[in-house]
Every structure is written in C-alpha cells, then in structure tokens.
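The block underneath contains the structure these notes are about, expressed in structure tokens.
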Amino acid sequence: MKLAWPAPWITGLILPLTLGVAWELAVRHGMMSGRLMPPPSRLAASAWTLARSGDLAVHALATLGRVAIGFACGAVAGTMLGMLTGANVTARRLLDPSVQAVRAIPSIAWVPLFILWLGIFETSKLTLIGLGVFFPVYLGVLSAIQGVDRKLIEVGRVFGLSVMSIALRITWPAVLPSWIASLRTGLGLGFMFVVAAELMGASEGLGYLLLDGQQMGRADTILVAMIVFALLGKAADGLLVAVSRPLLCWQDTARTRL
Amino acid sequence: MTRLAIHQLGKTYADGTEALRDINIQADTGEIVAILGGSGCGKTTLLRLVAGLDQASSGTISVGGQVLTGTHPAISAVFQEPRLLPWLTTGANIAFGGGRLTARDRQARTTALLDRVGLAGYASRWPRELSGGQQQRVAIARALIGHPEILLLDEPFSALDPVTRASLHELLLDLWRDLRPTILMVTHDVEEAVVLADRIVVMRPKPGRVHDVLPVDVPRPSDKALPIFDLMKRRVTSAIDRSLADDRPPGLKSGSLWLSPWV
C-alpha cells in the first residue's frame with residue numbers, strides 16, 4: 001500500500017518543528033546557553049509578552065506599512081520605467097546604461113545621502129525601501145518585454161491590431177509571469193531594506209525591535225523580531241501569489257502555477 | 001477575376017542578400033495557389049511580404065486592384081506553428097481574429113467555427129490542453145473568422161502526422177468550399193500541393209524566382225489511386241528537380257545519382 005505524503009504546508013513545518021524540539025532539548029540538558037540561544041519556550045513567552053502589551057502589533061504594523069508604501073512606489077516606478085525602456089529603443093539607449101550604473105551601487109551606500117537629503121524620518125526610509133524594490137522590478141519588466149515572442153507580435157499585426165492594442169493584448173499578457181516573479185523578488189528585497197531603514201533610526205518597527213534587543217542584551221527579543229519578519233514576509237509573498245494566481249492559470253509550465 | 005496580383009516583386013535584405021527577384025503571380029478569386037521550391041528559395045519571404053509583415057524592395061502586391069503598403073484586413077494567415085495566444089482560451093483565440101466584427105457576430109462566428117473545425121465544447125480549454133492538430137484547427141478558425149478574401153498558409157500542416165494532416169486537408173477544403181477565399185499556400189509537400197491547389201508555382205533559389213507554373217488537372221476531391229494523381233506528382237517533382245539543377249554540386253548534374261528530396 002502506498003503511503004500518502006502529508007499536505008504541503010505540513011511538510012513545510014517538519015524542519016522548523018524538528019529544529020525547535022532539538023533546540024529546546026539541547027538548552028534544557030545544558031548543551032547550549034539559554035541566554036544567548038533562548039529556546040522556543042522562552043521565545044514563545046517573550047512573543048506573548050510583547051503581543052499582550054500591544055508592542056508587537058505596533059512594531060509589526062509600522063514595518064508592514066513602510067514595506068507596503070515603499071514596495072508600491074518602487075514597483076510602480078520599476079514597472080513604468082521598465083515598460084518605457086523595454087518598448088522604446090531610444091529610451092533604452094538613453095536611460096538603461098545610467099539605471100544599470102546606479103544599480104551597481106550597493107543600496108545601503110545611499111543611506112547617509114538619504115538621511116542628509118531627506119532627513120531621519122519616514123521619507124528617507126520609504127525611499128530606501130522603494131529603491132530596493134525598484135531594480136528587480138525594472139529589470140524583470142525590461143527583459144520580459146525584450147523577450148516577448150516575435151511570432152506572437154506578428155499574429156497581432158496580421159490581424160490588424162494597432163501598436164497600443166498589441167501592447168495591451170499581446171505584450172502585456174506575455175510579460176505578466178515575469179512581472180509577477182519580479183514583484184516577488186522586489187517584495188523580498190523590500191523586507192530586507194526595511195531592516196536597514198529602521199536601523200537608520202526609528203522609534204518603532206521590527207528593525208527597531210532588533211536594535212533594542214541588541215542594546216538590552218535580549219536575544220529572545222531579537223529572535224522574536226526575526227521570526228515575525230519571516231512570518232510577515234512569507235504571508236506577504238503568499239498574498240501576492242494568491243492574488244496573481246488567477247492571472248497565470250493559463251501557463252504551460254512544469255508547475256503550471258507559481 | 002484577379003484577386004491577388006504580385007507584380008515584379010523583389011526583396012533584398014539590408015546585408016545585401018537578394019531573397020526574391022521579379023516575382024509575378026496572380027491568383028483569381030477563390031483560387032488555391034501552392035508555392036513549392038527548395039530550401040532558401042524565398043517561399044516564406046514571399047508570404048511575409050504578402051501578409052504585410054515585411055516590406056518589399058521592389059514591385060507591388062495588390063488586392064482587388066488596391067496596392068498594399070502593409071497588413072490588409074482582407075488578408076489573413078495561418079503559420080507553420082499554430083501561434084495561439086496561450087493566455088486566451090480556445091474560443092477567445094478564435095475570436096481574436098474577428099476584431100472587425102461586432103461582438104455579437106464575433107461570438108456567433110466563434111461558436112459556428114468551433115463546431116466546423118470539430119472542437120465544439122472546447123471553447124473554454126486552454127491552448128496547452130489541445131493536441132498539435134487541434135491547435136492548428138483553432139489557428140485555421142481564427143484566420144477565417146473575419147471572412148478574409150485572401151488566406152495565406154505557411155506550411156501549416158508540416159509538423160503534423162500524416163493522418164492528422166490528411167484530416168486537416170479535408171477540413172481546409174471543406175471550409176474553402178463554403179467561404180471561397182483565395183488561398184496562397186507555401187508547402188514542402190508535393191502531394192499536399194496536388195491535393196489542395198488549382199495551380200502550383202515552382203520557385204528556384206538564389207535569388208528566389210518563379211521557375212514554372214503548373215495547373216493541377218486533378219479533380220477534387222483528389223483520389224490518390226488515380227493515375228493522373230501520380231502523374232501530376234511526378235510532373236511537379238520533375239519541375240522542382242529542374243529548378244534545383246543549377247544548385248547541384250558539380251558532377252551531380254542531370255542523370256547522375258542525385259537523390260531528390262521531393263519523392
């Protein structure tokens with residue numbers, strides 16, 4: 001008799017649960033330091049304390065808000081510029097070399113300049129996150145437009161479609177899978193850059209919680225913030241996949257969906 | 001009445017390669033003209049020029065006396081690959097070709113054509129769910145939905161197995177009897193040309209030119225067992241061999257062991 005493999009989400013829990021149990025046992029049996037490596041039971045207690053006081057929600061919402069705004073701005077800018085340079089040779093020749101040169105600058109290197117230009121408050125943080133999201137989305141859209149099958153464009157021409165109709169009815173649907181993949185990459189980078197942004201100097205946010213944990217010597221606070229980051233990042237990516245799934249159900253790929 | 005007139009058509013690419021020279025072909029309303037020839041004789045280039053996908057370097061193409069300068073609403077095409085849009089369902093792919101129809105006409109014609117090409121009930125299937133032959137049926141329906149006066153076929157059956165190809169020949173002739181478009185088709189298959197065409201234009205390469213024009217005297221529907229069918233095939237094969245004679249390596253001229261790819 002063939003044994004049924006558990007549901008994918010259960011499969012995904014096997015590794016973290018096993019590690020958690022091993023970690024807990026190792027600390028309880030004195031094999032690891034509970035102060036530097038607080039076990040899952042201590043993390044759960046810290047998370048509960050932070051949640052009950054409302055601090056966790058405040059920090060998580062602040063981080064989520066920054067990621068959402070920065071992601072939206074970076075994704076819109078990356079999509080628009082990618083479409084422009086992908087569709088127009090002159091625009092590509094004019095803009096792409098400069099964009100690629102700016103992309104080569106490590107984004108963290110912008111931090112001092114952003115603080116100088118935009119101040120220590122929200123604008124500089126959102127700009128940094130937006131910058132992190134912008135590049136993968138821009139590159140994804142640009143390369144996807146350049147990679148659209150010429151033969152499909154010819155179908156549109158033979159059937160008398162205007163340039164705009166070809167863009168909307170052929171190019172855009174053809175680009176959609178790469179665009180969504182680039183948005184997912186951009187979202188991941190958005191969560192990466194929000195930490196850098198909140199370390200720049202924030203009074204709330206999960207990045208602030210990390211810094212606070214470090215300054216107070218609370219490894220459990222740091223780990224709780226990291227776990228919340230992981231959960232929020234996974235949830236945001238899952239939401240993006242769920243929203244985009246109906247748009248990509250036509251794909252003829254190995255998985256047929258993302 | 002001449003529907004499609006190709007006059008002194010020439011095509012030279014930017015790198016100086018001359019693909020076509022002085023092509024003259026006329027096709028009457030409802031006539032099926034097949035273009036045969038060796039590789040590199042410019043068959044597909046010619047079809048692309050008629051479709052308006054490329055610009056000719058010299059000469060003209062006219063439809064009903066009107067000289068073409070690009071794509072034309074009276075001209076439709078079926079390509080070697082089905083080229084269905086993978087994000088559209090089967091029905092939507094067929095409707096895609098009827099952009100000039102009203103929404104109601106488009107819907108009615110889509111339903112009717114799905115039925116005619118044997119895919120009734122497949123309207124909501126994705127292209128990836130169809131076989132190669134079914135996809136090519138959809139491509140034919142898409143090309144015909146807008147009532148084209150001229151249908152261009154660029155080896156549309158070459159990738160299919162013989163049984164599917166034969167059934168699509170029947171389907172094409174069936175649709176042609178109803179709609180009577182002028183058909184200009186490119187093929188590598190002599191038998192296919194004899195089965196489908198009223199006239200066969202044999203082209204020669206380097207640069208592509210018209211070598212011979214052969215009327216097909218085989219009655220439709222073609223009975224392949226008839227001696228005239230075989231005779232016609234031999235005449236076409238012989239014309240193609242003669243068209244390639246100049247390209248053969250020295251020592252393989254007429255009478256030597258040249259293995260014709262057409263038989």
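The values are calculated or read from the model by the stated rules, or taken from the named source; none is laboratory data. Fair warning: this is a prediction, and the values are worked out from it, not measured in the lab. Backbone-built Cβ (ideal geometry, glycine too); neighbour counts: all protein chains shown.
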Practice item. Give the residue that is surrounded by the most Cβ atoms within 10 Å (Cβ to Cβ), with candidates limited to residues of the stretch B:46-81 that are of a type in the set (D, E, K, R) and part of a loop (DSSP other than H, G, I, E, B). Key: B:Glu81
**Study point:** Matching residues, the stretch B:96-150, being of a type in the set (A, V, I, L, M, F, W, C), within 14 Å of chain A (Cβ to nearest Cβ) and either outside any loop (DSSP other than H, G, I, E, B) or out of contact with any Pro (no Cβ under 8 Å at 6 or more places or on another chain) (or both)
**Key:** B:Phe96, B:Leu101, B:Leu130, B:Val138, B:Ala139, B:Ile140, B:Ala141, B:Ala143, B:Leu144, B:Ile145, B:Ile150
Exercise for review: State yes or no: is A:Val241 modelled with pLDDT of 90 or more, within 20 Å of A:Gly186 (Cβ to Cβ), under 15 Å from the mean Cα position of the chain (by Cα) and assigned to a helix (DSSP H, G or I)?
Suggested key: yes
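Tell me, please, whether a residue that is within 14 Å of another protein chain (Cβ to nearest Cβ), part of a helix (DSSP H, G or I) and touching a residue at least 40 places away in the same chain (Cβ under 8 Å) can be found in the stretch A:136-146.
For the stretch A:136-146, residues within 14 Å of another protein chain (Cβ to nearest Cβ), part of a helix (DSSP H, G or I) and touching a residue at least 40 places away in the same chain (Cβ under 8 Å): present.
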Check your understanding: Quick one: would you say A:Gly186 is surrounded by fewer than 21 Cβ atoms within 10 Å (Cβ to Cβ) and either away from every other protein chain (no Cβ under 14 Å) or more than 24 Å from A:Leu240 (Cβ to Cβ) (or both)?
Key -> no
Exercise for review: Note down all Cβ pairs under 8 Å where the first residue falls in the stretch A:158-185 and is at negative phi and touching a residue at least 12 places away in the same chain (Cβ under 8 Å), the second is of a type in the set (Phe, Trp, Tyr) and in a loop (DSSP other than H, G, I, E, B), and they're at least six residues apart or on different chains.
Suggested key: A:Ala174/B:Trp87; A:Leu176/B:Trp87
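For every residue, the table says whether it meets (1) under 20 Å from B:Ala159 (Cβ atoms); (2) within 14 Å of chain A (Cβ to nearest Cβ); (3) touching a His at 6+ places or on another chain (Cβ under 7 Å).
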residue: B:Arg3; (1), (2), (3): no, no, no
residue: B:Glu18; (1), (2), (3): no, no, no
residue: B:Asn24; (1), (2), (3): no, no, yes
residue: B:Gly59; (1), (2), (3): no, no, yes
residue: B:Gln80; (1), (2), (3): yes, yes, no
residue: B:Leu85; (1), (2), (3): yes, yes, no
Point to revise | Pairs where the first residue, in the stretch B:150-161, is β-branched (Val, Ile, Thr) and the second is surrounded by 17 or more Cβ atoms within 10 Å (Cβ to Cβ), C-beta under 7 Å, 6+ apart | key: B:Ile150/B:Arg3; B:Ile150/B:Leu4; B:Ile150/B:Val63; B:Ile150/B:Ala74; B:Ile150/B:Ile75; B:Ile150/B:Pro181; B:Ile150/B:Thr182; B:Ile150/B:Leu184
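What about A:Thr171, is it buried (at least 20 other Cβ atoms within 10 Å of the Cβ), part of a helix (DSSP H, G or I), within 14 Å of chain B (Cβ to nearest Cβ) and not small (Gly, Ala, Ser)? If you could, list the steps in order and put the result at the bottom.
Numbers: buried (at least 20 other Cβ atoms within 10 Å of the Cβ): yes; part of a helix (DSSP H, G or I): yes; within 14 Å of chain B (Cβ to nearest Cβ): yes; not small (Gly, Ala, Ser): yes.
Spelling it out, A:Thr171 is indeed buried (at least 20 other Cβ atoms within 10 Å of the Cβ), part of a helix (DSSP H, G or I), within 14 Å of chain B (Cβ to nearest Cβ) and not small (Gly, Ala, Ser).
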Practice item. Scan (1) surrounded by fewer than 19 Cβ atoms within 10 Å (Cβ to Cβ); (2) closer than 21 Å to A:Gly188 by Cα; (3) touching a residue at least 12 places away in the same chain (Cβ under 8 Å) for the single condition A:Gly74 breaks and write down its number. Key: (1)
**Study point:** Breaking point among (1) more than 12 Å from chain B (Cβ to nearest Cβ); (2) under 19 Å from A:Gly78 (Cβ atoms); (3) over 17 Å from the mean Cα position of the chain (by Cα); (4) not acidic (Asp, Glu), for A:Ile120
**Key:** (2)
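Could you count how many residues in the stretch B:151-164 are among the aliphatic types (A, V, I, L, M) and either within 12 Å of chain A (Cβ to nearest Cβ) or more than 17 Å from the chain's Cα centre (by Cα) (or both)? I'd like the intermediate steps shown before the answer.
Initial filter on the stretch B:151-164 (among the aliphatic types (A, V, I, L, M)): B:151-153, B:159-160, B:163.
Next cut, either within 12 Å of chain A (Cβ to nearest Cβ) or more than 17 Å from the chain's Cα centre (by Cα) (or both) only: B:151-152, B:163.
Counting residues in the stretch B:151-164 that are among the aliphatic types (A, V, I, L, M) and either within 12 Å of chain A (Cβ to nearest Cβ) or more than 17 Å from the chain's Cα centre (by Cα) (or both) gives 3.
Could you check the stretch B:206-250 and list, in sequence order, the residues that are of a type in the set (Ser, Thr, Tyr) and modelled with pLDDT under 85? Spell out how you get there, then give the answer.
Our first condition is that a residue be of a type in the set (Ser, Thr, Tyr); within the stretch B:206-250, this holds for B:222, B:237-238, B:243.
Matches in the stretch B:206-250: B:Ser222, B:Ser243.
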Check your understanding: Within the stretch A:192-210, can one find any residue that is surrounded by fewer than 20 Cβ atoms within 10 Å (Cβ to Cβ), within 14 Å of another protein chain (Cβ to nearest Cβ), out of contact with any Gly (no Cβ under 6 Å at 6 or more places or on another chain) and within 21 Å of A:Gly140 (Cα to Cα)?
Key -> no
